[in-house]
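This report refers to the structure that appears directly beneath it.
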Amino acid sequence: MRSAFNHSGLVYSTESGRMCPACRQAVAACVCGIKPAPKGDGTVRVSRESKGRGGKVVTLVRGLHLDDVALQSVCKRLKTVCGSGGTVKDGTVEVQGDHVEKVAQQLARDGHRVKLAGASRPAS
């Protein structure tokens, strides 16, 4: 039986920060914790939602089957195009405000197959 002390290894390095105990790489460069991207139909769905947000509208982008770093990059580009804030939550890009058309156009320019999802815009 192996003792817990036999796993003595580097936990923190002043050069690269915290270390992964499994692969002994820096946490930022850890290769054992990488999850495969979920599979889908290849269509990016753009919708608007306000439920549970105190009446504030957000634009949601679902179906981008990319890793976390690439999703953050796409989110940053979309926030810049729309001139608003946003985040990535559970593989979904959220952009603050009603920017469905701008987001769909930008994603189409980037080479994604885009579909507008949800109800149509109410008459103004």
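Take the residues in segment 35-61 that are at pLDDT 90 or above and among the polar types (S, T, N, Q), then tell me which one is surrounded by the most Cβ atoms within 10 Å (Cβ to Cβ).
Narrowing segment 35-61 to residues at pLDDT 90 or above: 44-49, 56-61.
Narrowing the set further to residues that are among the polar types (S, T, N, Q) leaves 47, 59.
Values: 47: 16, 59: 24.
Going through the qualifying residues, I end up with 59.
Kindly indicate which of 107, 116, 64 is modelled with pLDDT under 95 and closer than 25 Å to residue 28 by Cα. If you could, list the steps in order and put the result at the bottom.
Working: 107 fails: closer than 25 Å to residue 28 by Cα; 116 fails: closer than 25 Å to residue 28 by Cα.
Just one listed residue meets the conditions, 64.
Can you find a residue in segment 10-18 that is loosely packed, with under 13 Cβ neighbours inside 10 Å and modelled with pLDDT of 75 or more?
Taking segment 10-18 as the starting set, the residues that turn out to be loosely packed, with under 13 Cβ neighbours inside 10 Å are 10-15, 17.
Then keep just the ones that are modelled with pLDDT of 75 or more; that gives none.
Checking segment 10-18: not a single residue is loosely packed, with under 13 Cβ neighbours inside 10 Å and modelled with pLDDT of 75 or more.
For the list (1) at pLDDT below 85; (2) surrounded by 10 or more Cβ atoms within 10 Å (Cβ to Cβ), I need the number of the one condition that residue 97 fails.
For residue 97, the failing item is (1).
The values are calculated or read from the model by the stated rules, or taken from the named source; none is laboratory data. Bear in mind the structure is a predicted one, so any value in this text is a computation, not a measurement. Don't worry about glycine lacking a Cβ; one is built from the backbone with ideal geometry, like all the others, and counts go over all protein chains shown.
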